[in-house]
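Asker: What follows is a single structure, and I will ask about it in a moment.
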Amino acid sequence: MREALASEGLSGGLPSLHVSVIRRRKVVRLAFTGPRAPDASWYASHGKLPQLLSRVANATVHAYVYEPTTQEEVIAYGNGRRVGGDRVVYDEVELSTPMEEMDEAAFAYMRSRWPLGHLAYVFGLKREELVGLPWVSSSAVLALDAPDAEERLEVLLPSPQAKLLASDAA
């Protein structure tokens, strides 16, 4: 993790890591938090951590940006490379029906086709569950340089993933 952050231009002490888990769907959300943490849009142009995780874990890693008033974007990484993604800027959405005439069901359907709605579908979740990941009960903010970081990660994640993140943080 330190290597990924340094290559992105973030040096010095590590920000904390907010880890959220939905075990039944094997979904893990990682986000940097704290005074040294980047804002949401940073994740769209800084992909070293998901690239590294996709290569080391031999899995597809999805990075997403969710700015509730302006945009959402999902970027997929596989085998250490960017392999796809999609972005919606809310002000640029072309509506076939004016917003004033659209009912809640039509609006929900439209949002389900946007990047976060599609990603939620891929994981077998509702869009609201994906957006609400930071507030699930299996969620914690961890100081990556804390001596008990690995133990705290193991409470949230299966052991191999916890060891991967903890060893990379050191």
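The values are calculated or read from the model by the stated rules, or taken from the named source; none is laboratory data. All values derive from a computational prediction rather than experimental measurement. We place every Cβ from the backbone using ideal geometry, glycine too, and count neighbours over all the protein chains shown. Surface accessibility is based on the protein's heavy atoms, side chains included, excluding ligands, DNA and RNA. Shrake-Rupley method; radii C 1.70, N 1.55, O 1.52, S 1.80 Å.
Asker: For Val21, what charge total do you get from the other residues with a beta carbon under 13 Å from its beta carbon, if Lys and Arg give +1 and Asp and Glu give -1?
Answerer: Once all neighbours under 13 Å are counted, the net charge is +4.
Asker: Run the numbers for Ser137 and Asp86: contour at 0.36 nm per residue of separation, minus the present Cα-Cα distance, in nm.
Answerer: Values: separation 51, 0.36 × 51 = 18.36 nm, distance 2.88 nm.
My answer for the length gained is 15.5 nm.
Asker: By how many nm would the segment from Thr33 to Ala6 lengthen if fully extended, with 0.36 nm per residue of separation less the alpha-carbon distance?
Answerer: Taking Thr33 through Ala6 to full extension adds about 8.1 nm, to one decimal.
Asker: Here is a follow-up. Sort Lys48, Lys26 by accessible area with a 1.4 Å probe, largest first.
Answerer: Listed by decreasing accessible area, they come as Lys26, Lys48.
Asker: With unit charges on the beta carbons (Lys and Arg positive, Asp and Glu negative) and the dipole taken about the Cα centre of the chain, which residue among Val89, Ile75, Met99 sits farthest to the positive side?
Answerer: Value: Ile75.
Asker: Quick check: Cα centre of segment 56-76 to Cα centre of segment 110-149, how many Å?
Answerer: Cα centres, segment 56-76 to segment 110-149: 10 Å.
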